[in-house]
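The values are calculated or read from the model by the stated rules, or taken from the named source; none is laboratory data. As the structure is a computational prediction, the values presented were derived from the model and not from experiment.
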Amino acid sequence: MRVHMLLAFVAFLWGINAPIMKIGLIYIPPMPYNAVRLFAALVVGWLILPRLCTWVPLQREDWKALAISCLGFFGFQIFFTFGVQLTTAGNSSLILACLPVSVAIINHFHRIENIKPHTIKGIVLSLAGVSLMVAGTGKEISLSGDHITGAILLLLAQLSYGYYTVFSRPLTTTYSPYQITAYILLISTGLFTAVSLPSVMAMDWSTVPWPGWSSILYSGIFPLCLANCLWIWGTAKAGSTTASLYNNLAPVFAVAGGYFFLDETFGWLQFAGAVVILAGLYLAKGPSTKKVLLESTADLSNSK
């Protein structure tokens, strides 16, 4: 039960990150914004994470999995940064919601994790819920002009995140999630800095007001550093395919955050979409988990 609550907390951090990032992006272009928030995550991660675990020397046979995870995490940052600028918010939401599908395909292709029928049903239901939320927000869905390029880049972004999710899981059998997160932040930030350095140097940072800096710090410390650490831990406990379904819970918190922080709407279709997403998560947990939940509820009732 605890793992599902923490994965829901990760979705919460990622969800409210969307409206908070919108505030920062008013003052800072996407490339320098992402570069600095990655650097903030790296600094906090390397100051805190190594103190929370026993540091195990990296074994030669684990370099491949770590390299794939790092490239996946870095690829997501690059493809997402450019892709989201070239397509609609509706396209972005639907394409990123396909992460559980990508994770299931990657697991099947590499024979890492078996996908159970109830998980497939949960994925389908979750995607239907996201579709309802997109319809409720009235976001445009288009594949004309630059939207095709943007959609392809976002497809590569969520595929990259799928590889990061799948290949970080085997590492948890030997290393702490804190150590894995620290390695991934170090390598990914170095790669992203090399690509974004010209735009970072060209930015006049003295003109950025405190809301912009607050947005960067929140987005770097919590969604990037803390949430990804919990994400790696959650995939180890729940399985990467089941854990990836919680990615589709993030739009629920994003819409709620937009409602409270940015005066955006929250209608009945969005509410229905949120309910369907939750139903998909419940279905994906499987009969054993649901049995435990029902038995726990019965025990509580009998003890009254």
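Structural remarks
- Elements of type helices (runs of 4 or more DSSP H) contained in the stretch 213-287, each with 3 or more residues being modelled with pLDDT of 90 or more: 227-238
- Among the residues listed as SER69, SER102, the single one being at pLDDT below 85, farther than 17 Å from SER196 by Cα, among the hydroxyl-bearing types (Ser, Thr, Tyr) and part of a helix (DSSP H, G or I): SER102
- Count of residues meeting criterion [closer than 25 Å to ARG37 by Cα, in a helix (DSSP H, G or I) and not aliphatic (A, V, I, L, M)] in the stretch 50-66: 2
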